[in-house]
1. Among the numbered conditions (1) surrounded by 13 or more Cβ atoms within 10 Å (Cβ to Cβ); (2) of a type in the set (Ser, Thr, Tyr); (3) at pLDDT below 95, tell me where residue 161 comes up short.
2. Looking at 40, 86, 64, 100, which one is touching a residue at least 24 places away in the same chain (Cβ under 8 Å), farther than 19 Å from residue 140 by Cβ and touching a Lys or Arg at 6+ places or on another chain (Cβ under 6 Å)?
3. Sort through 197, 162 and tell me the only one that's closer than 25 Å to residue 6 by Cβ, in contact with a helix residue (DSSP H, G or I) (Cβ under 7 Å, 6 or more places away or on another chain) and not aromatic (Phe, Trp, Tyr).
4. Which one of the conditions (1) in a helix (DSSP H, G or I); (2) over 18 Å from the mean Cα position of the chain (by Cα); (3) within 26 Å of residue 184 (Cα to Cα) does residue 91 fail to meet, given that it meets all the rest?
5. Return the residue satisfying two criteria in turn: it lies in region 108-142 and is in contact with a strand residue (DSSP E or B) (Cβ under 8 Å, 6 or more places away or on another chain) and small (Gly, Ala, Ser), and of such residues it is farthest from the ligand (Cβ to nearest atom).
6. Which of the following residues is in contact with a Gly (Cβ under 9 Å, 6 or more places away or on another chain) and more than 9 Å from the ligand (Cβ to nearest atom): 105, 100?
7. Against the definition (within 26 Å of residue 113 (Cβ to Cβ) and of a type in the set (D, E, K, R)), how does residue 15 come out, yes or no?
8. In region 140-161, what residues are farther than 16 Å from residue 180 by Cα and part of a helix (DSSP H, G or I)?
Amino acid sequence: MNFLDRLNIYFYHKDRNKKWPDNPPKILGWRDEESQLSRFRIIAKQHDFNHKSVLDLGCGYGDFKPFIDQYYDIAYYTGFDQQKAFIQEAKIRQLTASKFFNADFARDTLPKHDIVIASGSLNYHSCDSNYLVNMIDRMYQAANEVVIFNLLNAKTFPEDTLLKGYHSEHVLSYCRNLSSDCYIEDKYSKDDFTVVLKKSKTPT
Ligand SMILES: C[S@@+](CC[C@H](N)C(=O)[O-])C[C@H]1O[C@@H](n2cnc3c(N)ncnc32)[C@H](O)[C@@H]1O
């Protein structure tokens, strides 16, 4: 992301914070808490998270960690977010086996983890027209087992100046270049779909 992209995202969340100071999911950009949780539920169902390390790109307040703790005993969790205020709040929560970094995941080195997830964080416009495919490549490199991420559905989501949707068939076709073991989950929402990209057992 370049400086302007990051600035747009910064002001977007700052503005939401002003409008809904007591509503964390709203500040993060979700319609409501259920929008956030419905995505978490889908992610959690796609893989066995037990004893696995999890890298959460665009982690916000780290809400995925307490969510996944209800269902699995994960090894450890790492959250990256470029919004300093979110990372500060996440650290204050003192979540177990968790580390948080204030970082731009599109630029910084991604540490290897078993599972890499991105929920709601790949929908922002970028000046880089290859932003999404570059991120898919980088997430795939960073994952030992699986990458799970969601995107807004271009068929139903009206593009605005900050957010953009994607066509699931295009994204899936790109992912198939990396691994044949990938699929889309889209039954949970008409505006969104989740991509599950498992590491190929044989090098491509
Ligand atoms: C819609 S929020 C979702 C937060 C969290 N995943 C959740 O579901 O609670 C998207 C987050 O992605 C972060 N983000 C977007 N692009 C990023 C980037 N390149 N590097 C780090 N964080 C990014 C934003 O700052 C924001 O906190």
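1. Against the list (1) surrounded by 13 or more Cβ atoms within 10 Å (Cβ to Cβ); (2) of a type in the set (Ser, Thr, Tyr); (3) at pLDDT below 95, residue 161 comes up short only on (1).
2. Matching residue, one of 40, 86, 64, 100: 100.
3. 162 is the lone residue from the list that is closer than 25 Å to residue 6 by Cβ, in contact with a helix residue (DSSP H, G or I) (Cβ under 7 Å, 6 or more places away or on another chain) and not aromatic (Phe, Trp, Tyr).
4. Failed condition: (3).
5. If we take residues in region 108-142 being in contact with a strand residue (DSSP E or B) (Cβ under 8 Å, 6 or more places away or on another chain) and small (Gly, Ala, Ser), then 142 is farthest from the ligand (Cβ to nearest atom).
6. One residue alone meets the criteria, 100.
7. When the stated conditions are applied, residue 15 does not pass them.
8. Listed by number, the list holds a single entry, 142.
The values are calculated or read from the model by the stated rules, or taken from the named source; none is laboratory data. From a predicted model like this one, the values you see are computed outputs, not experimental measurements. Every residue, glycine among them, receives a Cβ derived from its backbone with ideal geometry; neighbour counts consider all protein chains shown.
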